[in-house]
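Peer 1: Attaching a single structure in structure tokens format; questions to follow.
The values are calculated or read from the model by the stated rules, or taken from the named source; none is laboratory data. Quantities reported herein were computed from a predicted structural model and do not represent experimental measurements. We place every Cβ from the backbone using ideal geometry, glycine too, and count neighbours over all the protein chains shown. Please note that ligands, DNA and RNA were not included when accessible areas were found on the heavy atoms of the full protein model with its side chains. Shrake-Rupley method; radii C 1.70, N 1.55, O 1.52, S 1.80 Å.
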Amino acid sequence: MTRVLSCIQPTGDVHLGNYLGALRNWVIGQHECDAFHGIVDLHSLTITTEPKVVGDNTLRLAAMLFAVGLDPDAATVFVQSQVPQHAQLGWIMECTVSFGELSRMTQFKDKSARREAEFISAGLFTYPALQAADILLYDTDEVPVGEDQRQHIEITRDIAERFNFRFGDTFVMPKAVIPRAGARVMDLQDPTSKMSKSATADSGLVYLLDDPAAVLKKFKRAVTDSDNEVRFDRAEKPGISNLLEILAAVTGGTPETLATQYTQYGPLKNDAGEAVVEMLTPIQHRYHELIADRAELARLLGKGAEKARAVAEATYRRATEAIGLIQI
Ligand code: ATP
Ligand code: LTN
């Protein structure tokens, strides 16, 4: 069965875009492939400066992943720092990638430029080496990623190839896949930009943990145009099209057919809001149960850590044996 790895950083709360565009597909995919889902807390240390924050975010994200339907008996859901081989193989990867290669990573250039007046950790620079370790440790066949991560998968392949050339065939060559088309959810206040946790205002973002009143209000205030015609047309009518796409993604219809059922904006906004509330209610219910039951959460994450460690340990051993580090 194809081994697929997706990783997510525990930064910020999960929003409707993350769910409709990614998490929901993970839930479906867990029965179709050998799915590994890592919460990559060590990656978020590149920008962490306060105690406890990463741990709290990690638990919240884990509870959310189980609440949306990831099943620890089907998929392997683990926390990166619970599997020590990530950091261990990460060092070996750093020694297998060059300074020049890391210097060409556009994500590092963008992120370090944005943090100009702030502390720029060396980890921000060596981040792709740790990401390569994440991927190669699990003999990953496929990594579903967005366009922004393509370069990191390419460098992982370069590192694997170099390692295999130097020390003998050790790592499986992973490939980037663009995930099955999920909905692309746009910001409700700025429907030409995607809904993103790095948006400046929260009013256009629907978080999975927003209460029903907040969700309905955000939909009611969604930015639309003034010509009062309900039609699916991303270019001319981005606001209305976004509402139709969300409603379609949640109820299972198509945006084009849904458009024919409305003559006014108000009822569309209302129906989209209510459909989202109805979808979120059971997720929130499970989330609140889990986040209040740390023992259960620990048990579920323990299961994932155990499965992840078994695979990671074997790969790490293969790598150190290939290099010829002593084994005792
Ligand atoms: P950032 O704004 O920091 O990039 P983000 O909110 O866009 O964060 P990521 O952590 O980059 O979220 O993405 C997690 C997953 O959610 C990815 O698979 C990404 O493709 C998906 N995703 C994020 N935003 C959307 C969106 N608006 N519509 C559909 N999918 C999305
Ligand atoms: N760099 C990725 C997160 C990430 C990742 C990975 C994704 C870390 N390790 C391994 C896929 C496979 C990001 O910033 N979204």
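Peer 1: With each pseudo-label sitting 7 Å past Cα toward Cβ, what's the residue 178-residue 154 distance in nm, one decimal?
Peer 2: 1.5
Peer 1: Within the chain, what whole-number % of the accessible surface is contributed by carbon and sulfur, with the 1.4 Å probe and all protein chains included in the calculation?
Peer 2: Percent of accessible area from carbon and sulfur atoms in the chain: 53.
Peer 1: In addition: DSSP loop (so not H, G, I, E, B), at most 14 other Cβ within 10 Å: list which trypsin sites (Lys or Arg not before Pro) in the stretch 91-135 pass both filters.
Peer 2: Counting only loop positions with at most 14 other Cβ atoms within 10 Å, the trypsin sites (Lys or Arg not before Pro) in the stretch 91-135 are 104, 115.
Peer 1: Additional query: Tell me, what is the FRET efficiency for residue 52 and residue 169 to the nearest 0.05, using R0 = 41 angstrom and their Cβ-Cβ distance as r?
Peer 2: My answer for the efficiency is 0.45.
Peer 1: Which value at 222 nm does the chain reach when only helices count, each DSSP H run of 4 or more adding -39,500 (n - 2.57), with the total divided by all residues and rounded to the nearest 500 deg cm²/dmol? Each step should come with its number before you reach the end.
Peer 2: Working: 13 runs with 169 residues, N = 328.
Value at 222 nm, helices only: -16500 deg cm²/dmol.
Peer 1: Okay, next question. Could you give the accessible area per residue of the chain, probe 1.4 Å, as a whole number in Å²?
Peer 2: That works out to 49 Å² per residue.
Peer 1: Also: Over the chain, how many pairs of lysines fall under 16 Å by alpha carbon, counting only those 8 or more apart in sequence or from different chains?
Peer 2: 8
Peer 1: Quick one: plug the Kirkwood hydrodynamic radius of the stretch 1-153 (C-alpha pairs) into Stokes-Einstein at 37 °C, 0.692 mPa s, and report D in µm²/s. Walk me through the intermediate numbers first.
Peer 2: Details: Rh = 16.3 Å.
The estimated diffusion coefficient comes to 201 µm²/s.
Peer 1: Let me ask something else about it. Go ahead and collect, in residue order, the members of the stretch 29-55 whose backbone nitrogen is under 15 Å from a label point 7 Å along the Cα-Cβ direction of residue 119.
Peer 2: Those under the cut-off are 44-54.
Peer 1: Further, regarding this structure: Set the Förster radius R0 to 35 Å, insert the Cβ-Cβ distance between residue 292 and residue 200 as r into 1/(1 + (r/R0)^6), and round the FRET efficiency to 0.05.
Peer 2: The pair residue 292/residue 200 has a calculated efficiency of 0.60.
Peer 1: Enter the Cα centre distance for the pair the stretch 84-109 and the stretch 269-328, rounded to the nearest angstrom.
Peer 2: Between the Cα centre of the stretch 84-109 and that of the stretch 269-328, the gap is 24 Å.
Peer 1: Where in the chain are the DSSP H helices whose C-alpha atoms run 18 Å or more along the long axis and whose mean Kyte hydropathy is at least -0.5?
Peer 2: Both cut-offs are met by 53-67, 122-137, 238-251, 265-291, 294-323.
Peer 1: Grab the Cα-Cα distance for residue 231 and residue 192, subtract it from 0.36 nm times how many residues apart they are, and report the gain in nm with one decimal.
Peer 2: Result: 12.4 nm gained on full extension.
Peer 1: Could you tell me which GluC sites (Glu not before Pro) in the stretch 18-127 are loop residues by DSSP with no more than 12 other beta carbons within 10 angstrom of their beta carbon?
Peer 2: Loop-located and lightly packed - 32, 116, 118.
Peer 1: Mean 1/r over all different Cα pairs, inverted: what Kirkwood radius does the chain give, in Å?
Peer 2: Averaging 1/r across every pair of different Cα atoms and inverting gives 21.3 Å.
Peer 1: Provide the gained length on full extension for the span residue 327 to residue 264, in nm with one decimal, where the gain is 0.36 nm per separating residue minus the Cα-Cα distance. If you can, show how the numbers build up before the last one.
Peer 2: On the way: separation 63, 0.36 × 63 = 22.68 nm, distance 7.10 nm.
Result for the pair: 15.6 nm of gain on full extension.
Peer 1: Suppose each label sits 7 Å from its Cα in the direction of the beta carbon; what would the residue 111-residue 310 distance come out to in nanometres?
Peer 2: Result: 3.2 nm between the two label points.
Peer 1: R0 = 30 Å: FRET efficiency of residue 74 with residue 103, Cβ-based, nearest 0.05?
Peer 2: Details: r = 40 Å, r/R0 = 1.35.
My answer for the efficiency is 0.15.
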